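Novice: Here you go, one structure.
Each reported figure results from applying straightforward, stated rules to the coordinates on display, with no laboratory input. No experiment lies behind these values; they were computed from the predicted model shown. Please note: Cβ atoms are built from the backbone with ideal geometry, for glycine as well, and neighbour counts cover all protein chains shown.
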Amino acid sequence: MKKIVLIALSAISIFLTFWIYRNYFKPQNVLRPTELSDKNIYEKIARSAGGEVVHIDTGSSPEKMNDFIQMNYEENNYVLLWAAEGETISHEILTEFQIDQNIKKISILVSGLNKKPEVEVFNPRKQKVTFTKVLESKQSIKQIFDHPEQGKWKLKISSSENIQVKILALSDLLVSPPEPVELRGRPGHEGYFQYRGTFVSGSKVKFNSDLSTIKLSSNKDMNIKSSEISLLSLGGKTLESGTVNSDFRIPAEPFRTLITWTDGEGRSGQRMSQRIFEPNKLPLVSFSMNSDQPTSQEFCDLINSSASWNLFAGS
């Protein structure tokens with residue numbers, strides 16, 4: 001009996017050791033999406049709009065503030081490679097991202113709510129890379145790398161709070177980000193156009209990305225060998241994946257879209273959509289009315305059929 005109890009206790013001990021290692025010590029590649037409170041209202045607005053909050057002390061030099069402003073302005077012409085935000089599941093986060101041969105510069109932002117995370121970046125040869133330039137504030141760090149080496153990079157983050165990660169790239173390769181589409185048009189003349197309906201969780205919607213833009217914008221002719229579209233949680237977890245122009249089941253949580261590809265020579269790349277898709281949220285309907293416009297039955301039917309709407313009055 002004692003032997004059986006000892007074996008059971010040993011098994012439980014091994015299980016607990018493995019569970020603690022997996023959840024607290026082993027680096028994770030995703031974050032846990034969490035709704036920020038109104039106490040962090042600026043961070044909440046910035047994340048939803050694709051922006052960032054930078055805390056700069058009043059005693060900081062004008063040159064430092066100018067560097068942040070200038071870099072943010074420059075990043076208007078950058079493409080998004082990866083973005084994620086949420087609470088850290090373990091003390092260390094390990095994120096991988098692909099650098100293709102058309103990328104000339106990358107910008108890596110990692111920010112916390114109260115404390116600046118520790119960041120290390122590794123190239124495809126697993127060597128720690130020194131940044132070309134760094135911008136730091138009270139709770140964030142942005143590292144810039146010129147002429148990054150082609151291949152799979154790794155980003156290691158040490159933090160124990162809610163963080164935001166955003167990787168941008170300067171590239172002369174234009175790639176159409178994955179967007180939802182639907183079949184519309186006159187009979188016999190149908191085509192795929194931008195999806196205009198509501199994203200209902202559990203329903204299926206087709207997502208497409210025009211990969212012909214890769215061939216048109218690249219200096220060299222690129223033959224795409226394979227490609228994949230993924231729907232990712234705001235924390236970076238893959239919720240759905242499939243081929244280009246196929247049906248995807250809409251998740252129950254907000255998500256971003258990511259496209260990855262490999263060309264005929266084995267070179268890979270990735271791009272992420274800046275847009276955050278929110279299931280079960282009614283689309284925004286815009287309209288204009290004049291003060292002397294008579295009552296419109298069509299307009300009244302539209303308003304009456306909306307479950308939620310806002311009316312802004314102006315002169």
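Novice: Modelled label-to-label distance, residue 172 and residue 204, 7 Å Cα→beta-carbon offset: nm?
Specialist: Label-label distance for residue 172 and residue 204, simple model: 4.2 nm.
Novice: A further question on this structure: Let me see the pair-distance distribution of the stretch 76-137: every alpha carbon pair, 5 Å bin width, integer percents in order.
Specialist: Bins of 5 Å from zero give 3, 10, 25, 27, 21, 10, 3, 0 percent of pairs.
Novice: Simple spin-label model, 7 Å along Cα-to-Cβ: residue 193 to residue 136 in nm?
Specialist: The answer from the label model is 5.3 nm.
Novice: Can you check how the C-alpha radius of gyration of the stretch 179-272 compares to 2.2 N^0.38 Å, as a plain ratio? Walk me through the numbers before you get to the answer.
Specialist: Working: Rg = 14.8 Å, N = 94, 2.2 N^0.38 = 12.4 Å.
Against the compact-globule rule of thumb, the ratio is 1.20.
Novice: Taking just the alpha-carbon atoms of the stretch 47-98, what radius of gyration and Dmax come out, in angstrom?
Specialist: For the stretch 47-98, the Cα-based Rg and Dmax read 14.6, 38 Å.
Novice: If you don't mind, another one. What dipole magnitude, in Debye to the nearest 20, does the stretch 29-171 give about its Cα centre under +1 on Lys/Arg Cβ and -1 on Asp/Glu Cβ? Write out the running numbers ahead of the final one.
Specialist: Numbers: 19 positive and 20 negative charges, 70 e Å.
Dipole size: approximately 340 debye.
Novice: Compute the Kirkwood hydrodynamic radius of the stretch 123-259, taking the inverse of the mean of 1/r over all pairs of distinct Cα atoms, and give it in Å to one decimal.
Specialist: On the way: mean 1/r = 0.0548 Å⁻¹.
Evaluated over the stretch 123-259, this radius sits at 18.2 Å.
Novice: Full extension from residue 91 to residue 249: what is 0.36 nm times the residue separation minus their Cα-Cα distance, to one decimal in nm? Each step should come with its number before you reach the end.
Specialist: Working: separation 158, 0.36 × 158 = 56.88 nm, distance 3.22 nm.
Between residue 91 and residue 249, full extension yields 53.7 nm more.
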